[in-house]
Amino acid sequence: MRDAGTLTRPAFSMPGEACDSHVHVFEAAAKYPSVDAPHYTLPDGSLEKLQRMTGVLGLQRFVIVQPSYYGTDNS
């Protein structure tokens, strides 16, 4: 995931009720194990990184979606 500091701030103000309706959080496999044979792998994209990114973009709301990488483990 790109560092939030590399993002270009929008040239407009984000509407107050704007919401990114589909984001994922990926942490180290030791913390949250993946399925036995994942279809894909991604670099870590922690909640902290997500919060920095939404801060740069001016988003206050987002929906975290469970990726298939974690199977049915919703912890």
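The values are calculated or read from the model by the stated rules, or taken from the named source; none is laboratory data. Here the structure is a predicted model, which means the values were calculated and not measured. We place every Cβ from the backbone using ideal geometry, glycine too, and count neighbours over all the protein chains shown.
Step by step: first the residues of segment 35-75, then only those that are in contact with a strand residue (DSSP E or B) (Cβ under 7 Å, 6 or more places away or on another chain) and among the charged types (D, E, K, R), then the one that is farthest from G16 (Cα to Cα). Which residue is that?
D44
Checking S21 against (1) surrounded by 10 or more Cβ atoms within 10 Å (Cβ to Cβ); (2) assigned to a strand (DSSP E or B), which test does it fail?
Failed condition: (1).
Considering only residues that are free of Cβ contacts under 8 Å to residues at least 24 places away in the same chain and over 14 Å from the mean Cα position of the chain (by Cα), which ones fall in segment 6-37?
T6, T8, A11, F12, P15, A29, A30, K31, D36, A37
Please work out if G58 is of a type in the set (G, A, S), at pLDDT 85 or above and surrounded by 10 or more Cβ atoms within 10 Å (Cβ to Cβ). If you could, list the steps in order and put the result at the bottom.
Working: of a type in the set (G, A, S): yes; at pLDDT 85 or above: yes; surrounded by 10 or more Cβ atoms within 10 Å (Cβ to Cβ): yes.
Spelling it out, G58 is indeed of a type in the set (G, A, S), at pLDDT 85 or above and surrounded by 10 or more Cβ atoms within 10 Å (Cβ to Cβ).
Pairs under 6 Å by beta carbon, first residue over 17 Å from G5 (Cα atoms) in segment 38-62, partner not in a strand (DSSP E or B), six or more apart or different chains?
Pairs found: P38/Y69; F62/T54.
Anything in segment 1-29 that is at pLDDT below 80 and more than 14 Å from M53 (Cα to Cα)? List them, or say none.
If the condition is that a residue be at pLDDT below 80 and more than 14 Å from M53 (Cα to Cα), then E27, A28, A29 are the ones that fit.
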